[in-house]
Amino acid sequence: MVSRVMIFYDLENFKQGLLRRDAIRKYDYGRVQYLILDMLRHIIKGRDDNEYILVRAYAYTGEYTDSMLKIIKDDFEKTGDEELRKLLEKTQKRMKSQRKMLDNISKFNFFEVRTYPLKYSKGQIFQKGIDVQLAVDLVTHAFRDNFDVAVICSGDIDLLESLKIVKGLGKTVVLMSHPLITAKALRKEADFYIDMSKLRDEDLDKMAFKEKGGYKE
């Protein structure tokens, strides 16, 4: 029996989970799905003879933009605030690193990135709308019967209702996240839970760059 799998990453939440488990390794997000497919064969009981195939993986993330960088720069030039100077320098470095990462991800097979401009207000940078789009895509694909198993790599409570809908459509829901940044209700709602804090070193090695270098935000 073949089970079709779709993976939905809240990239920032997922990245924070990996860093909480091990901040030393540099992770290659193009290799994560292969570990996930392998883990499904062991965690979904009663389906040991199943073959799990990846239909598509979606990654959602806030994107650093030139327009946001200009706003921060203008604020700094107007105020001369030292904290804004530090934020400007940090943002410039992160933008460069992110563009390298996104360029790398764009080359992966069966992998799509959905980016949304990061927001800036009162000295703070934040992302908005990521969880909403992930939830919409998750439910839409479930209604279209595009997968049998959904793996959601996030711990955001805003996804709770979408998980309930997908389960109601007869789909299997697997949640993969770090428990320290995961809503308990979300974890309870999932059919299966992959605890990132308990990933083995050999599991992390499968997701890390094989050679030194790579990218790291």
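The values are calculated or read from the model by the stated rules, or taken from the named source; none is laboratory data. All of these numbers come straight from a predicted model, not from anything done at the bench. So basically every Cβ, Gly included, is an ideal-geometry build from the backbone, and we count neighbours across all protein chains shown.
Within the span defined as segment 62-85, one or more residues are of a type in the set (Ser, Thr, Tyr) and in contact with a Lys or Arg (Cβ under 7 Å, 6 or more places away or on another chain). For beta carbons closer than 6 Å, sequence separation of 6+ or different chains, a first residue in segment 134-156 that is farther than 21 Å from residue 115 by Cβ and touching a residue at least 12 places away in the same chain (Cβ under 8 Å) and a second that is surrounded by fewer than 19 Cβ atoms within 10 Å (Cβ to Cβ) and not aliphatic (A, V, I, L, M), the qualifying pairs are 147/4; 148/3; 148/4; 149/3.
Selection over segment 98-138 of residues that are modelled with pLDDT under 85, assigned to a helix (DSSP H, G or I) and of a type in the set (S, T, N, Q) gives a count of 1. Comparison of 25, 41, 47 shows that the only residue that is crowded, with 17+ Cβ neighbours inside 10 Å, modelled with pLDDT under 90 and among the charged types (D, E, K, R) is 25.
Cβ contacts < 7 Å: first residue part of a loop (DSSP other than H, G, I, E, B), restricted to segment 165-193; second residue surrounded by 16 or more Cβ atoms within 10 Å (Cβ to Cβ) and among the hydroxyl-bearing types (Ser, Thr, Tyr), any location; separation 6+ or different chain. Result? Close Cβ pairs (under 7 Å, with a partner that is surrounded by 16 or more Cβ atoms within 10 Å (Cβ to Cβ) and among the hydroxyl-bearing types (Ser, Thr, Tyr)) amount to 191/172. Only one entry in 182, 140 is surrounded by fewer than 16 Cβ atoms within 10 Å (Cβ to Cβ) and hydroxyl-bearing (Ser, Thr, Tyr), namely 140.
Restricting attention to segment 147-156, does a residue exist that is part of a loop (DSSP other than H, G, I, E, B), buried (at least 18 other Cβ atoms within 10 Å of the Cβ) and touching an Asp or Glu at 6+ places or on another chain (Cβ under 6 Å)? Yes, the conditions are met somewhere in segment 147-156.
Out of curiosity, is residue 109 touching a Gly at 6+ places or on another chain (Cβ under 9 Å) and in contact (Cβ under 8 Å) with a residue 12 or more places away in the chain? Even if it seems obvious, please write down each step before you answer.
Working: touching a Gly at 6+ places or on another chain (Cβ under 9 Å): yes; in contact (Cβ under 8 Å) with a residue 12 or more places away in the chain: no.
Against the criterion (touching a Gly at 6+ places or on another chain (Cβ under 9 Å) and in contact (Cβ under 8 Å) with a residue 12 or more places away in the chain), residue 109 does not qualify.
Of everything in segment 80-97 that is modelled with pLDDT under 90 and more than 27 Å from residue 29 (Cβ to Cβ), the residue that is surrounded by the fewest Cβ atoms within 10 Å (Cβ to Cβ) is 80. The combined condition, being basic (Lys, Arg) and either within 26 Å of residue 23 (Cα to Cα) or surrounded by 19 or more Cβ atoms within 10 Å (Cβ to Cβ) (or both), is not fulfilled by residue 122.
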